[in-house]
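Please read the structure below before turning to the comments.
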Amino acid sequence: MSKVLLGAALLAGGSAIAGVVGAKTLFNRIIPRQDTLRVDISEMADMSRWEEYKKFMIPNREWLETQELETVTITARDGIELHAKYFPAEKPADKLVICNHGYTGQGMKDCASISVFFHRIGYDCLIVDHRGHGESQGDYIGFGILDRFDCLRWIQYVNKRFSNSKKIVLYGVSMGATTALMTAGFPEVQNSVKAIIADCAFTSPYEVFKHILKRDYHLPAFPVMDINEAMCRRKAGYGFSDYSTIEAVQNTKIPCLFIHGGEDNFVPVYMSRQNYEACRSEKDIMIVPSAGHGAAYYENVPAYEEKIISFTEKYLA
């Protein structure tokens, strides 16, 4: 992300015109669909330990790909087609988890291990591809702002298909965690969604981009972020500050578990602390001290799984 912002950041200090050019550079590198990767993911996550994590991740992914998975499609409110894989529990279950991946990811790639875990403890799994990712349509990435409406559609799909018989858990990492928390703000999900697990959520796209500008280049949000937000609203249909997880968790009764890596260099841990403090429902927080961005699960698998089980058991009994 730092390299992506470099051109925009350097241009920002020169003039209003340079600010526009910088904002356009940022938009064109970050917001459009990333089928051809334009962002260096190593700058968003601590990559030093990922080779070790892969020893756990890859076998789970390979096993999941051998299972009988149902491809499911729904239509988003703006007409695009959204895709997911449905993986039922071995025995009939009344629990279902909707797994939400992070920026530039895919459900079957990034949520494989956590889906295998939930399947093992008796959950049906719905493994989604967010708009602009994987098999789902969409020219622009929603950063939770748009994705919360898509997640609402997935909840409605589950309720309709299973006649409101499923106790739903929303799970997400990074952008997926932000999506899950933002979805908590919808009044219509308060009864069917029993718990939310948000791993390294950012409070809003505006705040996380603003953080990176300040951290790496000691630059204020103005003018790059403000111009870029207006550009995003015009082209992609939303602004970075249109909604926040803070607003959502202040208006939900759904229990929320907040998880974060203590060494997260992309989404600062204080954002999960802010979410936790703002949350007015039942809540808990787990900080994994040595984990980088999106790595809390892989850094301490037993503790992570035990925390999820102990938290969800209270609300899905």
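Since every read-out is calculated from the coordinates, none of them should be taken as a lab result. Treat the numbers as computed from the prediction; the structure is a model and nothing was measured. Here the Cβ is made from the backbone with ideal geometry for all residues, glycine too, and neighbour counts use every protein chain on show.
Counting only aspartates and glutamates at least 8 places from LYS55 when in the same chain, those with an alpha carbon closer than 15 Å to its own are ASP110, GLU299.
The alpha carbon centroids of the range 289-317 and the range 80-99 are separated by 20 Å.
The C-alpha atoms of the chain define a longest principal axis, and helix 205-217 lies at about 50 degrees to it.
So what is the orientation-averaged projected area of the range 232-317, using the convex hull of its C-alpha atoms, in nm²?
That works out to 6.9 nm², a quarter of the Cα hull's surface.
Panel order for PHE240, PHE56, by other beta carbons found within 10 Å of each beta carbon, from fewest to most: PHE56, PHE240. Note on LYS24: lysines with a C-alpha under 22 Å away, same-chain residues under 8 apart excluded, are LYS3, LYS210, LYS214, LYS235. The Cα center of the range 100-137 and the Cα center of the range 145-213 differ in position by 13 Å. Cross-link partners for LYS253 among the aspartates and glutamates, with Cα-Cα distance under 13 Å and sequence neighbours closer than 8 places in the same chain left out: GLU188, GLU282. Taking other C-beta atoms within 10 angstrom as a stand-in for reagent exposure, ASP199, ASP216 fall in the order ASP216, ASP199, fewest first. In percent, rounded to a whole number, the relative contact order of the chain is 17, using alpha-carbon pairs under 8 Å and six or more apart.
Between 0 and 90 degrees, the angle of helix 301-313 with respect to the longest Cα principal axis of the chain falls at about 70 degrees. With neighbour counts taken as other beta-carbon atoms within 10 Å, the residues GLU68, GLU263, GLU229 rank, fewest first, as GLU68, GLU263, GLU229.
Restricting the chymotrypsin sites (Phe, Trp or Tyr not before Pro) of the range 156-208 to loop positions (DSSP other than H, G, I, E, B) with no more than 15 neighbouring Cβ atoms within 10 Å leaves PHE162.
Calculate how steeply helix 269-278 sits against the longest principal axis of the alpha-carbon atoms of the chain, using the helix alpha-carbon long axis, and give the answer as 0 to 90 degrees to the nearest 10. So the inclination is approximately 60 degrees.
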